[in-house]
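Worksheet for the structure shown next.
All of the numbers you see were taken from the coordinates with simple rules; none came from a lab. The shown structure was predicted, so the numbers you read here are calculated from the model rather than taken from an experiment. For neighbour counting, all protein chains shown are included, and Cβ atoms are generated from backbone atoms with ideal geometry for every residue, glycine included.
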Amino acid sequence: MAVDQKDRRKERIDRGIKVRSDGVYAISSWLEISYLVAPRLLFIVGLLAAPILLLPVPYWQKVLSIICIYSLLAISFDFLANYVGLVSLGGGFYIGVGAYVAALLNMKFNIPIFVTIPVATVVGAAICTVVFLPCLPLRGVYFAIVSLMFPLLAARVIEALDIFGGTDGIVGVDGFSSTWIEQYLLIIAVLAAVFFLRRMITEDVGLVFSGVKDNDQAVKASGINITKYKALGIFIASSLGCFGGAVLSHIYMWAGLSQFALDFSIIPIAATVIGGGGTLIGPVIGCLILVPVSELLRDFGTLRIAVYAIVLTLFIVYKSEGIMVYASRKYEQFERWVSI
Amino acid sequence: MSDQPLLTVDNISKTFGGVAALSMVSLEVNRGDIVGIIGPNGSGKTTLVNSISGFVKPDRGKVIFNGHDITGWDPHKIADKGLTRTFQVMRPYYSLPAFKNLIIPLFSPRAKRTGGWRGGGKMGSRDTVALDILEEIGFERDSYVPYKMASSLPTGYLKRLELARCLALRPELIICDEVFSGLSMSEMASMLPLIEKLQMEGISLIMVEHRLRELFRLSNRVIVLNFGCKIAEGVSSEVMELKEVKEAYFGSEEEVLEYV
């Protein structure tokens, strides 16, 4: 055996190079096309088929909706952290604002559900952007701290001033007429978010975003207002969160303080770490793993936090690049033993 | 052409805590000038550059560029008026290929208005214009260099990239913060004609330098700073003969005698 190892070595061939370097090669043969399309198709068809596959287990259908909402948050976290350079822990705030705006519109003005969701998305994102505006000059961990404060602050303000139903929340919001609409709305939103953001980061605007992340001084010296672009980034990210929040309030038929919960800020980060930051699909995969795990562990009560922490620690220590980065590297490389 | 200087810096001062980094410094730059700023370490050269380009807000004084009072403006607004700068510590976008580095300045409002250096951006796509600018500044077009990641480029190219980033805005005045530092002799030799070319294009330059020999070949006027004060101004060769300047660099005669 020892002799064997001496005589051979592992050779790595990057088979992706041809496909990744220029779109031209990708259409040269069906094999190349399928090689490029297969994993993407698996992701899209898999997500679209999930509600049908989960038909026998209605409980897990509900979980799927929650997965999608967390996925939206995780995508927005990944986008902000890895492409705009803002580590935002404000996920709970986005969800809460979206949920309250949708619930208020629905209850106070009797606006139907398919108007409240888009309006809550845009208005909620505008509210989030305005609230975050004074914090945009902050960077790194300071921005993270301030953004974590907003969900806590919002919940306490609502509680103390007893506005919007106070601790009881807003009860009696319209629900979805069928679970199919609810699930496909969320799944299509996740797919659209991934598609839109992955396209945008390769466009010129995306380069400006990555410039802001890499070094904002040079962007300033190039005559570009970085606050404007950071605000745009927050708007895009928080619109995903607010959309999720609006849908959530219609699923639960209720908007309350627990929608500002820290779960919405923390789980997306964990999902991004597990799934692989900077890939935008990784966070969705992370959510597909983490949220079901936490549902399965629900019977163990608070012990599930411990299991959760262990899973996260193992990932950070042994596979800090995340599943998606690891998998795509393995997918794009042949490995074989050659004798020397 | 108006007779007014392109840039007028009028008695600007800046203190950091108790340290006076700049006190009452004035200077003028005319169109087509190359003005050098020299001085020993810690004499306030970079603070002066930062105060002009807006990265530091001066406590007192005025900066007037092209008829606009730009004192205390945000850096991006100043850059938008046509006053750009390079950084002493190079700040490329390391995760992008060299030519993609120029997409960001070409995306700015000013570049969209002016079309970048020589207005090429109004004709071609941003990628093509970026490659054009890089070619002019010494990135061989047919080689792989413009496509290399900025993180893997040698210092000489990074310094050029800094200049290229300024040119993408089609500026009227570039402040070069030590473009020659860290370059080898041959790299410097190829950089000199480049700067001269910029001057011929009608771009004025302020050059903050430690490499005096190269600077004196380029600039017609030199300003010497020490401890945040302007101690001398004039034609390069004459300035270095002044007693104050020699003292700033080598210490006063009495001090020297004490050691001897």
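Rounded to the nearest 500, what is the 222 nm mean residue ellipticity of chain B from helices alone, with -39500 (n - 2.57) per DSSP H run of 4+ residues and division by all residues?
Calculated mean residue ellipticity at 222 nm is -10000 deg cm²/dmol.
When the helices in chain A are scored as -39500 (n - 2.57) per DSSP H run of 4 or longer and the sum is shared across all residues, what 222 nm value do you end up with, to the nearest 500 deg cm²/dmol?
Computed ellipticity for chain A at 222 nm equals -23500 deg cm²/dmol.
For peptide A:211-218, how many partner chain Cβ atoms fall within 10 Å of a residue's Cβ, on average?
Mean shielding count: 6.
For B:Glu244 paired with B:Val89, estimate the spin-label separation in nm (one decimal), with each label point 7 Å from Cα along the Cα-to-Cβ line.
3.2
What is the Å³ per residue value for the convex hull set by the Cα atoms of chain B?
Roughly 143 Å³ of hull volume per residue.
Could you state, as a whole-number percent, how many of the C-alpha pairs of the stretch A:108-157 are farther apart than 12 Å?
71
Only sites in a loop by DSSP and with at most 14 other Cβ atoms within 10 Å count here; which chymotrypsin sites (Phe, Trp or Tyr not before Pro) in the stretch B:125-212 make the cut?
B:Tyr144
Which of the lysines could a cross-linker bridge to A:Lys10, judged by Cα under 24 Å and excluding same-chain residues fewer than eight apart?
Qualifying lysines at Cα under 24 Å: A:Lys18, A:Lys319, A:Lys330.
Just grab the label-to-label distance for B:Ser237 and B:Ser252, each label 7 Å out from Cα along the Cβ direction, in nm (one decimal).
Going by the 7 Å Cα→Cβ label model, 3.0 nm.
Report, as an integer, the average count of C-beta atoms from other chains found within 10 Å of each Cβ along B:92-102.
3
If you project the alpha carbons of the stretch A:2-339 onto the principal axes, what extent comes out on each, in Å, largest first?
Computed over the stretch A:2-339, the largest-to-smallest principal extents equal 75, 58, 41 Å.
Where q = 0.06, 0.07, 0.09, 0.11 Å⁻¹, what log10 of I(q)/I(0) comes from the Debye formula for the protein assembly as shown, counting one point per Cα?
Treating every Cα as an identical point scatterer, log10 I(q)/I(0) equals -0.43, -0.57, -0.86, -1.08.
Restricting things to alpha carbons, tell me how big the stretch B:187-260 is in terms of Rg and Dmax, in Å.
Rg, Dmax (Cα atoms, Å): 15.2, 51.
Hey, what angle do you get for helix A:263-275 against the long axis of chain A, alpha-carbon based, 0 to 90 degrees rounded to 10?
With rounding to tens, the tilt is 10 degrees.
In nanometres, what is the gap between the two model label sites at B:Ser181 and B:Arg141, each 7 Å from Cα along Cα-to-Cβ?
3.4
How big is D for the stretch A:71-202, in µm² s⁻¹ as a whole number, if Stokes-Einstein is applied with the Kirkwood radius of its Cα pairs at 10 °C and 1.306 mPa s?
Rounded, D is 98 µm²/s.
For peptide A:199-210, compute the average count of partner chain beta-carbon atoms within 10 Å of each residue's beta-carbon.
Taking the mean over all residues of the peptide, I get 3.
Counting only other residues whose beta carbon sits under 15 Å from that of A:Ile285, what net charge do I get with K and R as +1, D and E as -1?
+3
Obtain the radius of gyration and the Kirkwood radius of the stretch B:93-171 from its C-alpha atoms and give Rg over Rh.
In the stretch B:93-171, Rg relative to Rh is 0.94.
By how many nm would the segment from A:Ser320 to A:Val141 grow when fully extended, if each residue of separation counts as 0.36 nm and the alpha-carbon distance is taken off?
The A:Ser320-A:Val141 span can extend by a further 62.5 nm.
To test your reading of the geometry: what angle, between 0 and 90 degrees and rounded to tens, separates the Cα axis of helix A:91-109 from the longest principal axis of chain A?
The angle comes out near 40 degrees.
Assuming 0.36 nm per residue, please report the length gained on full extension of the stretch B:Thr128 to B:Lys62 beyond their Cα-Cα distance.
Length gained between B:Thr128 and B:Lys62: 19.8 nm.
What number, in nm² with one decimal, is the all-direction average of the projected area of the convex hull of the alpha-carbon atoms of the stretch A:131-218?
That works out to 9.0 nm².
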